[in-house]
Every structure is written in C-alpha cells, then in structure tokens.
Amino acid sequence: MTGSRRPVVIAHRGASGYLPEHTLPGKALAHGMGADFLEQDVVASSDGQLLVFHDLHLDQLTDVARRFPGRARPDGRHYCIDFSLQELRTLTVTERRRRDGSGPRFPARFPANKGSFRIHTLEEELDLIQGLNRSTGRRAGVYAEIKDPQWHARQQFGLGDRLIETLQAFGYRTAADCFFVQCFCADELRRVRARYGSDLPLVQLLDETATVSPEVLAAVAGYAQGIGPTIGHTWPDRGLVSLAREAGLLVHPYTFRADDLPDGFNTFAELLTQFIDVLEVDGLFTDFPDLVLAHIRQRD
Ligand code: G3P
Ligand code: CA
C-alpha cells in the first residue's frame, strides 16, 4: 500500500450485514460504525415520492402480498410504483428473501421475520444523515443510485432529475459536498451531466457483462469521475485499476460481503487484502463497514 491512499468505505444499503437493507436503523448503525458514505438505491412511488429501496418490486423485502392481495402485476410481482407512500408505509420491511421465497438470502443475518422496519423516503434518509453528521461531529457522505431510470421513464417518471434536484435542495451540489450519484445506465449519466454540469460527481456502475477497455474508460471519463465495477468482474491482476487510474477515474467496486465471498477467496481478510492492499482501490461498497474499517486500521 503506497502512500496514504486510504479507500473510502461505502455502507452498501446501510450496515446491511447486521440490519435489514435500506432501513433507517441500518443507516444509523453504518454511520455509528464510521462509514464514509451511506448508499441509497432510489425508486419511485405512485404519488411521486422518492423511496430508498433497492428493488422495483416489494416481494422479497416486505409483506406486501399479505397486506395488498390482488395488487400484483401479471408477472405476479408488486411494484413500488403501483403504491402510494401512504400504502407503502403500512408494509413491514424484513431481511431479503430468496426470489423463490424459500428462505432468507443471508441466513445468518438479522432474523428473517423480526423487527418492525419501514420503507422511508430519500428526504427522510438525508435528514437522518445530516442530523447525525451534526450531532456526532463526523460527516458521512451520500452515495445515491438512480435505479433503472429507463424503466421509470417508461412509467412516465423522471427519476434522475427528481433525485438530483432533491440532493441539490439538501445542499449536495459538488464533490466537496461529500456525495456521489451512481447508475448502471451510461445514457442517463451522460444526460444528467449535460443537464446539471460537470460539478456533479458521477460514478458509472459496471456489471459482469460490461466490457472494459482503455477506450471504454476514456469515454466514461468524459462524463463521470469514477467507475463502480462488480467484484465478480474478471479482475486481471492490476489491470482494471491501472487502466481506470490512467483514465483519471476513481475505482469503487461492489459488493464486499463477509458471508458471501467470490470464488478464489477463502476469507474476507484475503478479499480485503487483495482489493485494498494489492489493487489499492479508491473505495469499497460493503455490507460490513465495521470489518472493512478494522482491516484498514490494522494495516495503517
Ligand atoms: O450501487 C453499487 C451496487 O449496489 C450495485 O449493485 O444491485 O447492489 O444496487 P446493487
Ligand atoms: Ca446500489
């Protein structure tokens, strides 16, 4: 590890290794653990509210089928955008279930059907973060994802603009305001860059199907400050990080989970050593911000 390059720790959906994802208690825990950024995935409700919720549909994370029988779409799923905020607030949020409903996605995490957690809005989360920044004296940043903007546009909802204008209303305008906006959709990132200017700190997410070459990264550098590649990506030894550095891009890979290691790694420490100490990434999305921070501290 050269110099003082210390990667930022991004609490992926909050401290989601310990409390159900995208709940306010999970975000408060992540802040208390010392995470540098708290992540928000943002989707919309039927009455135009911005929700901090990962999925477009409610089925794997709430009791929607029980509370609203008959409100599923033909595919059998209940979509956030088909419910008002008032209706959504009556749902109980739990640990994520597997898609087939056969049990919790992560069995050793918070008990599957315990607790009374609720869906909340982006504004409520920003209030929490800014309130904790003030009361603790430690500033945690915001890392908001525009979720499926093209799908939302087909539902006649301009998610990206509403998200950015909400962030701006809370004082998040340039990288100095300690925030990032992230998205998988390059067209949406180019569009918001053109509309809101180059001060907006943007991150291009890359899933395992994304092709990465010097040309692709040079193009990304034309509208974004960084990339967020999946750790499932084929990671040549230092190739991707070096290429991104040459293009002037930050590298914030996702997702580091102590209870779900990628092939080739036997322990979480091995995984963190590879990405923090060998590849020297600039940040990490993790469900376990405490463990990543402990790794960084024991190394320093
Ligand atoms: O936004 C970074 C990472 O969270 C992307 O994947 O599916 O967890 O939103 P996902
Ligand atoms: Ca995300």
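Structure notes:
- Computed E for residue 210/residue 165 - FRET, C-beta separation, R0 25 angstrom, nearest 0.05: 0.35
- Between helix 289-299 and the chain: long-axis angle, C-alpha atoms, 0 to 90°, nearest 10: 10 degrees
- Across the range 90-96, coupling constants 3J(HN,Hα) worked out from phi with the 6.51/-1.76/1.60 Karplus curve, θ = phi - 60°, read 7, 7, 9, 8, 10, 4, 4 Hz, and Gly and Pro carry x.
- Distance between the modelled labels on residue 77 and residue 47, one decimal in nanometres: 2.5 nm (7 Å Cα→Cβ projection).
- Put simply, the amide H of residue 51, placed in the peptide plane, has neighbours under 5 Å in 43, 44, 45, 122, leaving out anything fewer than 5 places away on its chain.
- Calculated [θ] (222 nm, deg cm²/dmol) that DSSP helices of n ≥ 4 give over the chain, each run adding -39,500 (n - 2.57): -8500 deg cm²/dmol
- Placed amide H near residue 180: partners under 5 Å, 5+ positions off or other chain: 142, 143, 144
- Relative packing of peptides 89-97, 207-215 - highest average C-beta neighbours within 10 Å first: 89-97, 207-215
- Surface per residue (accessible, 1.4 Å probe) for the range 104-175, Å²: 50 Å²
- Computed over protein heavy atoms with a 1.4 Å probe, the accessible surface of the range 180-227 works out to 43 Å² per residue.
- The label point for residue 139 and the one for residue 67, both projected 7 Å from the Cα toward the Cβ, are 3.6 nm apart.
- Amide hydrogen proximity for residue 250: with H placed 1.01 Å from N in the peptide plane, the residues at 5 or more positions away or on another chain lying under 5 Å are 226, 227.
- At a probe radius of 1.4 angstrom, the accessible area of the range 15-62 per residue rounds to 20 square angstrom.
- Shown for the chain: the carbon plus sulfur share of the solvent-accessible area, taken with all protein chains present and a 1.4 angstrom probe, equals 51%.
- For the range 137-150, backbone phi angles converted through the Karplus equation (6.51, -1.76, 1.60; θ = phi - 60°) give residue-by-residue couplings of x, 10, 8, 9, x, 10, 9, 9, 9, 7, 7, 6, x, 6 Hz, Gly and Pro being listed as x.
- Label-point separation, residue 297 to residue 175 (7 Å along Cα→Cβ), nm: 2.8 nm
- Computed 3J(HN,Hα) for the range 274-282, one whole-Hz value per residue from the Karplus formula 6.51 cos²θ - 1.76 cosθ + 1.60 where θ = phi - 60°, is 4, 7, 8, 8, 8, 7, 6, 5, 8, glycine and proline marked x.
The values are calculated or read from the model by the stated rules, or taken from the named source; none is laboratory data. Since we're looking at a predicted model, the values are computed, not measured. Backbone-built Cβ (ideal geometry, glycine too); neighbour counts: all protein chains shown. Each accessible area value is taken on the protein alone, full model and side chains, heavy atoms only, with ligands, DNA and RNA left out. Shrake-Rupley method; radii C 1.70, N 1.55, O 1.52, S 1.80 Å.
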